[in-house]
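K.L.:
Sharing a structure with you now.
The values are calculated or read from the model by the stated rules, or taken from the named source; none is laboratory data. Treat the numbers as computed from the prediction; the structure is a model and nothing was measured. Every residue, glycine as well, gets a Cβ built from its backbone with ideal geometry; the counts of neighbours run over all protein chains shown.
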Amino acid sequence: MFYKLQLLRSKKNEKGFTLIELIIVIAVLGILATLTIPKVIGVKNNAEAATDEANKKIIRNALERYYADKATYPSQEQGLKVLVDEKYLDNIPEKANGKNKENQSWTYTAGESKDGNIESYTLE
């Protein structure tokens, strides 16, 4: 019996967090989340844009090597697929910014042909 009374008294004397302390902690966590979440989202968007620029440079480099070997850029019909077929690229990377959007792949447009040789292109 005496033992039970001691247990009951010790439970009454235990200290815990008050409701006000818990509300303050939750408010501080909410403020921190409000400040950090937009920065994290911005980092992701910047990383996707940087990835797209790096992939674009890789594709342009492959197009320039193709031009150096063939004295012409790929035709509109061949597109970028010819760079993979002829081993200038392992694969054509998807756009990082294009995920979950309509524009997931690169748009290659061959320029005007002079004497059967294509001397310009656009890559978007």
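K.L.:
For I41, only one of the following conditions fails: (1) part of a helix (DSSP H, G or I); (2) in contact (Cβ under 8 Å) with a residue 40 or more places away in the chain; (3) not basic (K, R). What is its number?
P.N.:
Here I41 meets the rest and fails (2).
K.L.:
Can I ask one more? Residue check: is N61 touching a Pro at 6+ places or on another chain (Cβ under 7 Å) and farther than 16 Å from I118 by Cα?
P.N.:
Values: touching a Pro at 6+ places or on another chain (Cβ under 7 Å): no; farther than 16 Å from I118 by Cα: yes.
For N61, the condition - touching a Pro at 6+ places or on another chain (Cβ under 7 Å) and farther than 16 Å from I118 by Cα - is not met.
K.L.:
Pick out the one residue from A62, A68, A49 that is among the small types (G, A, S), surrounded by fewer than 16 Cβ atoms within 10 Å (Cβ to Cβ) and within 24 Å of the chain's Cα centre (by Cα). Outline the logic, then answer.
P.N.:
Details: A62 fails: surrounded by fewer than 16 Cβ atoms within 10 Å (Cβ to Cβ); A68 fails: within 24 Å of the chain's Cα centre (by Cα).
Going through A62, A68, A49 in turn, just one is among the small types (G, A, S), surrounded by fewer than 16 Cβ atoms within 10 Å (Cβ to Cβ) and within 24 Å of the chain's Cα centre (by Cα): A49.
K.L.:
Among what's in segment 78-121 and is of a type in the set (D, E, K, R) and modelled with pLDDT of 90 or more, pick the residue that is nearest to A54 (Cα to Cα).
P.N.:
Taking segment 78-121 as the starting set, the residues that turn out to be of a type in the set (D, E, K, R) are 81, 85-87, 90, 94-95, 99, 101-102, 112, 114-115, 119.
In the following step, the residues that additionally are modelled with pLDDT of 90 or more were identified as 81, 85-87, 90.
Numbers: K81: 19, D85: 21, E86: 21, K87: 19, D90: 15 Å.
Step by step, filter segment 78-121, then rank; the result is D90.
K.L.:
Every residue in segment 49-101 that is closer than 16 Å to G111 by Cβ and small (G, A, S), please.
P.N.:
Of everything in segment 49-101, those that are closer than 16 Å to G111 by Cβ and small (G, A, S) turn out to be A71, S75, G79.
K.L.:
Just the residues that are of a type in the set (A, V, I, L, M, F, W, C) and over 12 Å from L123 (Cα atoms), please, taken from segment 45-61.
P.N.:
First pass over segment 45-61, keeping only residues of a type in the set (A, V, I, L, M, F, W, C): 47, 49-50, 54, 58-59.
Residues satisfying the conditions are A47, A49, A50, A54.
K.L.:
Okay, moving on. Do we have any residue at all in segment 58-73 that's within 30 Å of N46 (Cβ to Cβ), assigned to a loop (DSSP other than H, G, I, E, B) and among the β-branched types (V, I, T)? Steps first, answer last, please.
P.N.:
So the first thing to find is which residues in segment 58-73 are within 30 Å of N46 (Cβ to Cβ), and the list is 58-65.
Subset that is assigned to a loop (DSSP other than H, G, I, E, B): none.
No, the conditions are met nowhere in segment 58-73.
K.L.:
Spot the failing condition for Y73; the list is (1) touching a helix residue (DSSP H, G or I) at 6+ places or on another chain (Cβ under 9 Å); (2) at positive phi, and only one is missed.
P.N.:
(2)
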